[in-house]
Amino acid sequence: EEVESELPEATALALQAWLAVAPSSRWVFCVRNGKRALSPAMVTAIVARRAKAVGLHIHPHQFRAALITQALDAGVPLEQVRAAVHHRDINSTLRYDRGQRGAGVVETVARFRASTRKLGGPDGAKGT
């Protein structure tokens with residue numbers, strides 16, 4: 001099931017910039033030359049390296065958890081959130097409710113995002 005949503009302006013601009021330099025790439029999240037997608041292991045390694053550089057321990061799944069938690073906090077209907085994250089069982093989505101799960105994941109992801117903005121590209125090197 002497809003779910004449409006509006007992208008934040010910064011995300012839309014980043015995608016436009018990527019398409020300008022790699023119009024023939026089949027992937028958004030890919031190795032630098034655009035010829036193959038990043039594997040889940042590569043994503044985990046990049047996130048771990050950047051988190052360590054700013055003194056945090058975070059796993060990529062925590063970004064998904066933060067998205068679900070923040071959507072529920074913002075009043076997005078539970079069924080809409082469930083469909084957007086492709087949960088088969090609505091109880092899976094309910095586990096991300098702050099009342100049941102706690103707010104820690106949202107704050108950790110927010111600290112990670114704020115801290116790593118200073119680092120630059122995916123490997124923490126400016127301009128990559």
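The values are calculated or read from the model by the stated rules, or taken from the named source; none is laboratory data. Just so it is clear, the model here is predicted, and its values are computed rather than measured. Reconstructed Cβ throughout: ideal geometry from the backbone, glycine too, with neighbour counts over all protein chains shown. Remember, those area values only see protein heavy atoms, side chains included, never the ligands or the DNA or RNA. Shrake-Rupley method; radii C 1.70, N 1.55, O 1.52, S 1.80 Å.
The residues on offer are Ala71, Ala51, and the sole one that is closer than 16 Å to Ala110 by Cα, in a helix (DSSP H, G or I) and touching a residue at least 60 places away in the same chain (Cβ under 8 Å) is Ala51. Counting only residues that are without any contact (Cβ under 8 Å) to a residue 12 or more places away in the chain, under 25 Å from Arg64 (Cβ atoms) and open to solvent by less than 100 Å² (accessible area, probe 1.4 Å), the stretch 20-48 holds 11 of them.
The residues in the stretch 49-72 that are under 27 Å from Ser5 (Cβ atoms) and either open to solvent by less than 40 Å² (accessible area, probe 1.4 Å) or aromatic (Phe, Trp, Tyr) (or both) can be counted, and the count is 11.
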